[in-house]
Amino acid sequence: MMVSTMEPENVLVFGSMPKTQMIQSSHLVCSNFSRLTNASVFYSSSPLTLMLPLLLLQLSLGSAAILVTFYLLRPFGLPLMLAQVLGGVLLGPSLLCRIPGLLNMIFPIRSFLLMDVVSTMGFMFYFFLVGVQTDIWLLKKITKKSFAIGFFSVAVPMILTLGMSLLWMQFNVNPNEKKKVDSLPEIAKAESLVSFQIVSYYLSELRVINSEIGRVALCSSMVSTLCSTCVVTSNILWNQSKDDLSRFFQSICYGIIFASLVCCILGPLLLWEMKHTLGGQPLKQGNLVVLFIAVLMSGFWGHSFGLNIYFGPLLFGLIIPSGPPLGSALVEKLDVITNWVLMPLFFVKFGLAVDIFALSLKTYFKVQFFALLGAFGKFLGASLCALSCQMPQRDAIVLGFFMTFQGVIELDLFRLMKRKQIIGDEAFSAMCLTALIGSGVVALVVPCFYDPSKRYEGYYGRTLAHSRHNSELRVLVCIHEEQNVPSAINVLATLKPTKQSPIAVYMLHMVELMGSATPLLIRQKRPKKLSTRTRGSAPIIDAFKIFEENHDGLVSVSPFISVSPPQTMHEDVFQIALEKGTSLVIIPFFKKFHVGGAVYMNKRSLKIANQNVLDQAPCSVAILVDRGTLKTLHAIWAGWSSSEVAVIFLGGADDQEALALAAKMTGCQNINLTLIRIIYDGDFPDKYMEGIRNDNESLGQFQTNISGNTCAKYWEEVAKDGPGTASVLRTLENQYDIIVVGRRHYDTFPLLSGLTESNENKELGVIGDMLASSDFLGNTTILVVQQHTDNSHSE
């Protein structure tokens with residue numbers, strides 16, 4: 001026989017169940033645990049009478065309900081967190097458990113001992129991940145503007161809601177509602193709080209975390225969270241001390257002592273762990289287990305000190321550096337098991353305590369009023385303060401919306417308030433529904449009201465074709481990993497920097513964000529020491545530094561490091577491109593090919609970044625397809641060996657841009673350039689005439705520029721259709737080190753007929769895809785160029 005201490009709301013919801021005996025108080029439940037397993041339907045025994053099979057069913061139902069809800073909400077752009085909360089509510093008495101007998105069968109009160117244990121374990125690791133993903137160094141980036149926005153985002157709603165609750169209490173004349181009215185100040189405080197983790201989560205889900213307004217919202221929400229933490233912590237400790245000032249300060253001292261012990265005991269363990277991961281080595285299984293044990297022990301120690309069991313894992317997570325290498329490894333290992341296996345039981349347990357049918361309209365509208373008042377206060381405090389800081393009106397309004405988001409942190413606070421009997425069942429259900437509906441509505445409204453990509457609409461960006469001949473060429477080179485460096489530098493080496501036309505290279509190392517809620521865009525100034533998160537960029541920066549030194553002042557390199565999710569990496573690319581006025585962005589293709597054309601590496605997450613850059617870039621873009629290293633880097637830089645470059649010209653704006661890029665390569669003594677024009681053997685329809693005239697003008701200008709140049713030549717090939725074009729391309733077998741080609745061509749172009757159906761990689765276009773996946777080009781590097789235009793071209 002075992003005794004489980006139950007939360008009051010669980011007992012009130014479930015009442016007395018079969019084979020369950022209530023002992024002495026309504027907070028204790030006795031149940032027989034003599035058998036956990038060994039039941040079978042073949043022996044006329046139901047597995048649901050035993051604890052372990054019942055727990056497995058509850059876990060499965062929780063995960064399945066959240067998964068189904070997530071897929072139903074995904075077309076509306078709503079994030080996973082809303083699906084988790086809604087899935088738990090729908091499993092409870094608000095929907096599924098209203099079926100007679102189902103509540104007693106699947107969620108009997110005797111099962112809550114194991115449910116409590118598993119859900120608490122899940123929430124412990126959730127708080128640990130919250131700590132790991134929180135970048136405490138963001139505090140250094142807080143400006144006067146973000147501090148003011150964050151402070152007033154909490155202060156204004158606190159004043160409005162507390163003031164209104166005190167007025168409500170003053171004019172309450174119904175003695176039967178005194179207890180409900182007395183809880184209004186606590187509801188007012190809870191509805192005025194802002195959570196950094198929730199705001200950053202929604203910013204990431206809405207794909208605005210890398211935008212300027214997203215960065216302001218992150219810093220502001222960090223300030224708001226500090227203010228909210230002070231309010232919540234002091235309120236909880238004061239209630240626990242039962243208005244005893246000495247006990248209140250005693251609890252604060254215990255918290256400080258515990259925090260010091262965590263830093264002194266687990267800190268050295270963390271430093272030892274980091275020594276094994278900073279060198280680029282993967283996190284070993286044994287080291288990972290040590291960290292997991294440390295998480296459990298931090299919860300145990302915190303509980304022993306009389307603190308909340310989640311405080312220890314949260315504090316331990318905060319002292320772990322977010323992002324790569326250690327934070328990323330931990331999040332990668334824990335994310336799925338926490339969010340999809342352990343946490344669903346927490347949401348199920350939470351949803352079982354929410355019964356919308358037991359909620360009176362009077363209570364709901366009362367709580368809804370204070371919730372809306374709190375949200376309005378956050379919106380008003382953030383937006384008005386942002387406007388006073390000269391932020392654009394639309395951005396200020398959107399920032400106000402961002403600060404109103406609520407999520408799991410707030411729901412757990414509501415649950416704590418109910419367990420402490422600060423609020424009743426109806427108020428709890430009303431607050432949870434209000435948070436769910438409010439966050440869902442804001443998540444739907446914000447994308448309609450604010451789209452970061454619209455910043456580039458109407459912007460006629462720089463192109464190579466329209467740049468002045470003797471002017472500085474500004475190129476943004478994006479690097480995903482060290483293997484991209486040789487090909488990227490080899491392409492830059494062919495661009496012939498001179499005193500009249502030097503090259504300014506802005507190198508952006510794009511690091512996929514994992515294990516952190518805060519993206520970074522770092523302007524790296526050598527020889528500044530790199531942080532633990534960006535130390536992997538050192539070899540890449542050093543390679544570009546050597547390239548710069550080998551060109552005697554004709555090339556300048558400015559390194560940047562972007563740590564962000566693939567969905568928003570393009571925002572950093574565009575920010576640098578606009579700020580520096582680049583004419584070309586070079587990005588590596590997300591696939592890598594063997595010499596024979598077979599794919600040997602495929603980073604699907606980077607495909608999103610590539611496509612976003614192609615769709616919205618404010619300047620021309622070139623996709624670099626790596627099929628193997630050309631030659632030794634130093635040989636090409638120093639001019640010790642020649643490089644063969646070919647340009648394939650069919651027609652269109654992108655081919656004209658490829659031609660303009662080729663013009664930058666002419667005149668370099670160790671670059672042999674060949675322009676190959678494939679001409680259609682037939683009559684063009686009238687709709688192509690204007691484009692053909694532009695093509696001929698570009699070709700005529702190019703031929704004039706290379707006249708008398710023995711290192712550049714031009715020839716023409718004739719083809720009738722797509723197969724004819726493919727035959728011409730096959731004649732290039734193993735002749736060239738670099739091939740430059742345009743990405744897009746004329747719509748229904750005869751020279752591409754029959755080839756578009758086999759275009760697997762749309763990012764490369766028809767010709768680029770054919771060359772990249774070919775088996776006849778050896779280790780030739782392919783450069784696929786797209787010209788920036790006001791309107792998109794047809795593929």
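The values are calculated or read from the model by the stated rules, or taken from the named source; none is laboratory data. Please read all numbers here as calculations on a predicted model, not as lab measurements. All Cβ positions, even for glycine, are placed from backbone atoms using ideal geometry, and neighbour counts span all protein chains on display. To get the accessible areas, we keep the full protein, side chains included, count just its heavy atoms, and leave off ligands, DNA and RNA. Shrake-Rupley method; radii C 1.70, N 1.55, O 1.52, S 1.80 Å.
Numbers for the structure displayed
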read-out	value
For Ser753: the one exception among (1) farther than 28 Å from His466 by Cβ; (2) at pLDDT 80 or above; (3) under 37 Å from the mean Cα position of the chain (by Cα)	(3)
Some residue of the range 683-700 being among the β-branched types (Val, Ile, Thr) and not in a loop (DSSP other than H, G, I, E, B)	yes
Test result for Val132, at pLDDT 85 or above, open to solvent by less than 20 Å² (accessible area, probe 1.4 Å) and in a helix (DSSP H, G or I)	yes
Selection status of Phe357, open to solvent by less than 50 Å² (accessible area, probe 1.4 Å) and of a type outside the set (Ser, Thr, Tyr)	no
Enumerated strands (runs of 3 or more DSSP E) restricted to the range 710-795, each holding at least 2 residues that are more than 28 Å from Pro486 (Cβ to Cβ)	712-719
Residue satisfying condition, being under 28 Å from the mean Cα position of the chain (by Cα) and either without any contact (Cβ under 8 Å) to a residue 60 or more places away in the chain or assigned by the TED database to the domain that holds Met391 (or both), within set Ser228, Ser260, Ser234	Ser228
Residue among Gln406, Gln483, Gln393 that is open to solvent by 30 Å² or more (accessible area, probe 1.4 Å) and farther than 30 Å from Glu657 by Cα	Gln393
Near pairs, Cβ below 7 angstrom, 6+ apart or cross-chain, from the range 651-675 (without any contact (Cβ under 8 Å) to a residue 60 or more places away in the chain and open to solvent by less than 20 Å² (accessible area, probe 1.4 Å)) to any residue that is of a type outside the set (D, E, K, R) and in a loop (DSSP other than H, G, I, E, B)	Leu673/Met665; Leu673/Thr666; Leu673/Cys711
Qualifying residue in the range 708-726 (condition: among the hydroxyl-bearing types (Ser, Thr, Tyr) and open to solvent by less than 20 Å² (accessible area, probe 1.4 Å))	yes
Ser153 assigned to a helix (DSSP H, G or I), farther than 24 Å from Ile236 by Cβ and in contact with a helix residue (DSSP H, G or I) (Cβ under 6 Å, 6 or more places away or on another chain)	no
Breaking point among (1) in contact with a Gly (Cβ under 8 Å, 6 or more places away or on another chain); (2) surrounded by fewer than 24 Cβ atoms within 10 Å (Cβ to Cβ), for Leu345	(2)
Some residue of the range 444-463 being modelled with pLDDT of 85 or more, open to solvent by 20 Å² or more (accessible area, probe 1.4 Å), among the acidic types (Asp, Glu) and not assigned by the TED database to the domain that holds Ser211	no
Subset of the range 361-370 (residues that are touching a helix residue (DSSP H, G or I) at 6+ places or on another chain (Cβ under 6 Å) and open to solvent by 10 Å² or more (accessible area, probe 1.4 Å))	Thr363, Tyr364, Gln368
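Yes/no per residue for (1) surrounded by fewer than 15 Cβ atoms within 10 Å (Cβ to Cβ); (2) at pLDDT below 85:
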residue	(1), (2)
Cys263	no, yes
Leu266	no, yes
Glu273	no, yes
Lys284	yes, yes
Ser304	yes, yes
Ile309	no, no
Pro313	no, no
Phe316	no, no
Ser322	no, yes
